[in-house]
Every structure is written in structure tokens, then in C-alpha cells.
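Notes follow once the structure below has been shown.
The values are calculated or read from the model by the stated rules, or taken from the named source; none is laboratory data. Nothing here was measured: the structure is a model prediction, and the numbers come from that model. Here the Cβ positions follow ideal geometry from the backbone for every residue, glycine too, while neighbour counts run over all protein chains shown. Remember, those area values only see protein heavy atoms, side chains included, never the ligands or the DNA or RNA. Shrake-Rupley method; radii C 1.70, N 1.55, O 1.52, S 1.80 Å.
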Amino acid sequence: MRRLLAAALLCLALPAFAQYPSPGAGAPEAAAKPPSPPARIADVAWLQGYWVGEGLGGTVEDVWLPPKAGVLLGAFRLVKEGGKPGFYELFAIEEVDDTLQFVVKHFNPDWVGWEEKDKALRIRLSRIAPGEFAFGRIVFQRAGPDGLVVKLGIREKSGEIRHETLTYRRKPL
């Protein structure tokens, strides 16, 4: 009976331990991701324009160019309290395989990139509905005709997820 109970507990515990590699083990296999929903650039074209708001401890700005050739191209700037630059991003939403992909590169104020020079962060569309869409832990929500809320789940070096909300208003350039 004890052996049966021990075997049952081991079977229940194995999936939990399988998530954590043993010291010196390689990276765990990536979990199968559900397919991205079908979408076109026109579905997110309402983002085009100049957006100013607050978040990340300062003033945030996004500029999204009009869509062209299946790509919505943009830039981001964080200005910290006291007027010091925080960081910059160059990004795009592009049509890929009948869905959308968010591509971003981050830069310090001295223009040293966070990602390797030949790499970019690429995240496939995970959900889309009227006025809202998400690329993994990045959620864009339309808040009326001139409002935008971006919710971020940022993975810290510790592995924990920190949540940030950026709140924007559309402004003329």
C-alpha cells in the first residue's frame, strides 16, 4: 500500500517539477502556443497619430505613422520626472501569415540598444476584438475616440511580472 501511495504522489508531483530545469539542464521546451487569430493592419489602423500620456514614472509619447505596405510603424519616448530621457523604442505592427506581429527594439538615451544589433523582440497577436488587441502581455485598448490605454506585463530579472499601465490622449503634432 505504501509503495502504491508513493508511486501515486510521484506521478502527481512530476508535472510540477518538470516545469523547473535541474541545475545545469538546458532551457525547458516552449509550451505549444495557440494559433494567432486572423487580422489585418486595417484592424489596428486606429492607432495612427500622436499620443501623449503618463506611465512608467514619467511622460510617455507614441507616434504611429499611417499604415503602408502592411506595416504600422512607430516610435516611443519616455521622459522621466525632472525632464530626463528614460528610454526609446522603435516598433512596428506588421502583417505576417494572415495575422499581426509586434516588433520592437529598445534603446537607452545614448542610443545603445537593449537587444542584440541583429535581433528584435517579435510577438504574435494573441487576441483581437473591436477596440482592443494583445500581443502576449502587451494589451492595447481604445478609450473613446481620442484615448488609448496600454497595459504591460514586464518580466523582471527575478522572473516576476510587474504590471504597468500607460494612459494616452491623442494630440495634434
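Restricted to segment 137-146, and to residues that are within 10 Å of the chain's Cα centre (by Cα) and without any contact (Cβ under 8 Å) to a residue 60 or more places away in the chain, which residue is surrounded by the fewest Cβ atoms within 10 Å (Cβ to Cβ)?
If we take residues in segment 137-146 being within 10 Å of the chain's Cα centre (by Cα) and without any contact (Cβ under 8 Å) to a residue 60 or more places away in the chain, then 137 is surrounded by the fewest Cβ atoms within 10 Å (Cβ to Cβ).
I'm trying to understand the selection: among the residues of segment 42-69, which are open to solvent by less than 40 Å² (accessible area, probe 1.4 Å), out of contact with any Phe, Trp or Tyr (no Cβ under 8 Å at 6 or more places or on another chain) and under 16 Å from residue 85 (Cβ atoms)?
If the condition is that a residue be open to solvent by less than 40 Å² (accessible area, probe 1.4 Å), out of contact with any Phe, Trp or Tyr (no Cβ under 8 Å at 6 or more places or on another chain) and under 16 Å from residue 85 (Cβ atoms), then 55, 58 are the ones that fit.
Condition check ((1) of a type in the set (Lys, Arg); (2) closer than 16 Å to residue 133 by Cβ; (3) modelled with pLDDT of 95 or more) across all residues:
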position	(1), (2), (3)
9	no, no, no
13	no, no, no
18	no, no, no
28	no, no, no
39	no, yes, yes
45	no, yes, yes
49	no, no, yes
56	no, no, yes
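If the requirement is being in a strand (DSSP E or B), under 15 Å from the mean Cα position of the chain (by Cα) and without any contact (Cβ under 8 Å) to a residue 12 or more places away in the chain, which of these qualifies: 75, 92, 134?
Criteria check complete, one pass: 134.
Looking at 104, 149, can you tell me which residue is over 16 Å from residue 51 (Cα atoms), hydrophobic (A, V, I, L, M, F, W, C) and without any contact (Cβ under 8 Å) to a residue 24 or more places away in the chain?
Residue meeting the stated conditions: 104.
Of all residues in segment 130-173, which are modelled with pLDDT of 95 or more and among the charged types (D, E, K, R)?
132, 137, 142, 146, 151, 160, 162, 164, 169, 170, 171
Of all residues in segment 99-122, how many are open to solvent by less than 50 Å² (accessible area, probe 1.4 Å), over 13 Å from the mean Cα position of the chain (by Cα) and among the β-branched types (Val, Ile, Thr)?
1
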